[in-house]
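Heads up, the thing below is written out as structure tokens.
The values are calculated or read from the model by the stated rules, or taken from the named source; none is laboratory data. Fair warning: this is a prediction, and the values are worked out from it, not measured in the lab. So basically every Cβ, Gly included, is an ideal-geometry build from the backbone, and we count neighbours across all protein chains shown. Keep in mind that these areas ignore ligands, DNA and RNA; they rest on the heavy atoms of the full protein, side chains included. Shrake-Rupley method; radii C 1.70, N 1.55, O 1.52, S 1.80 Å.
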Amino acid sequence: MNKRYSGSAFEENFLPRLSSVDIEQLSKEDALVILPIGAVEQHGPHLPVYTDTLIAEGLLEEALLQLQHENIWVLPAIPYGKSNEHLGLSGTMSLSASTLQAVVMDLAISVRKSGFKKLLLFNTHGGNHDLLNMMAREIRIETGLMVFRLNPGSEEVNHLISQQEQRFGIHGGEVETSLIMELKGDWVQFDKSPTEFVNLSNNHHLHLKGNSYFAWVMNDISNTGIAGDAKQATKEKGKMIKELIVGELVKTLKEMKHFSLGDLKKDYVNK
């Protein structure tokens, strides 16, 4: 028996388990369709290359357990992302920006033609971030769908990690390693966990991401393929991180489901 799509979340909220007739009969007015987008890319010597997609699937599965009667539906994850910053490091499988754009747009058009009105681009890979921000608006213009974008997270996680990890732990470090230890611990080779932080000690206005940053590929900033301290990761910490993120995710998904663009503009009276 294939146990991959088992559990109540996939029984209740996994759109492809339904027939075409079932989907046609769903209420579309208040339905939210989630398209997870991850990556297959190197995450250092200790984590699987499927890390980002595992995180997407794991967080959504936990969140959907609390949202089974909310008319929220999840599609199969796109397991490949724009990961060209990791190309040359074994196991990285990247789509080009144009290919990922085309795939996401085609799926969005399909969602609309199935009668749905709301789509969430649910991203767990940093390299997809800018492209999906752009695509959300392009999909809105092309299809008329109400489009949301989400990178799951919680500011409360910062209380569990150091300031150095908060600033520079962007790939394969304490947070991601802890999450995978919780979600799929038998795929983690913890004895190989490295510690490596980019050296930006003499730079106060340049960052790896944000409003003032420089373009980089992984080989520019790391010898091990990670940025962070994976040695500080624990399964217990992963459980706490997961619960914090899922708590925020559940509230956000509910808000997206009930959100309406029609409520944004107040009546205008020209005096």
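Look through 18, 95, 87 and report the one residue that is out of contact with any strand residue (DSSP E or B) (no Cβ under 6 Å at 6 or more places or on another chain) and over 17 Å from residue 110 (Cβ atoms).
Result of the check over 18, 95, 87: 95.
Only one of these is at pLDDT below 95 and either among the aliphatic types (A, V, I, L, M) or within 20 Å of residue 83 (Cα to Cα) (or both): 215, 230. Name it.
Unique residue meeting the criteria: 215.
Residues 45, 79: which one is farther than 22 Å from residue 222 by Cα, open to solvent by 20 Å² or more (accessible area, probe 1.4 Å) and in contact (Cβ under 8 Å) with a residue 40 or more places away in the chain?
Within the list 45, 79, the selection yields 79.
Being modelled with pLDDT under 95, open to solvent by 100 Å² or more (accessible area, probe 1.4 Å) and not aromatic (Phe, Trp, Tyr), is that true of even one residue in the range 182-198?
The answer is no, given that none of the residues of the range 182-198 is modelled with pLDDT under 95, open to solvent by 100 Å² or more (accessible area, probe 1.4 Å) and not aromatic (Phe, Trp, Tyr).
Pairs needed: first member in the range 5-20, on the phi > 0 side of the Ramachandran plot; second member anywhere, part of a helix (DSSP H, G or I); C-beta distance under 8 Å; at least 6 residues apart or different chains.
Pairs that qualify, where the first residue is on the phi > 0 side of the Ramachandran plot and the partner is part of a helix (DSSP H, G or I), are 7/61.
I want to confirm something. Restricting to the range 113-126 and keeping residues that are in contact with a strand residue (DSSP E or B) (Cβ under 8 Å, 6 or more places away or on another chain) and basic (Lys, Arg), which single residue is surrounded by the most Cβ atoms within 10 Å (Cβ to Cβ)?
Across the range 113-126, the extreme among qualifying residues is 118.
Name the residues in the range 219-259 that are surrounded by 11 or more Cβ atoms within 10 Å (Cβ to Cβ) and not in a helix (DSSP H, G or I), would you?
Of everything in the range 219-259, those that are surrounded by 11 or more Cβ atoms within 10 Å (Cβ to Cβ) and not in a helix (DSSP H, G or I) turn out to be 222, 224, 225, 226, 227, 228, 229, 233, 234, 259.
Can you work out which of the residues in the range 133-154 that are within 11 Å of the chain's Cα centre (by Cα) and either among the small types (Gly, Ala, Ser) or within 21 Å of residue 213 (Cα to Cα) (or both) is surrounded by the fewest Cβ atoms within 10 Å (Cβ to Cβ)?
By that ranking, first place goes to 151.
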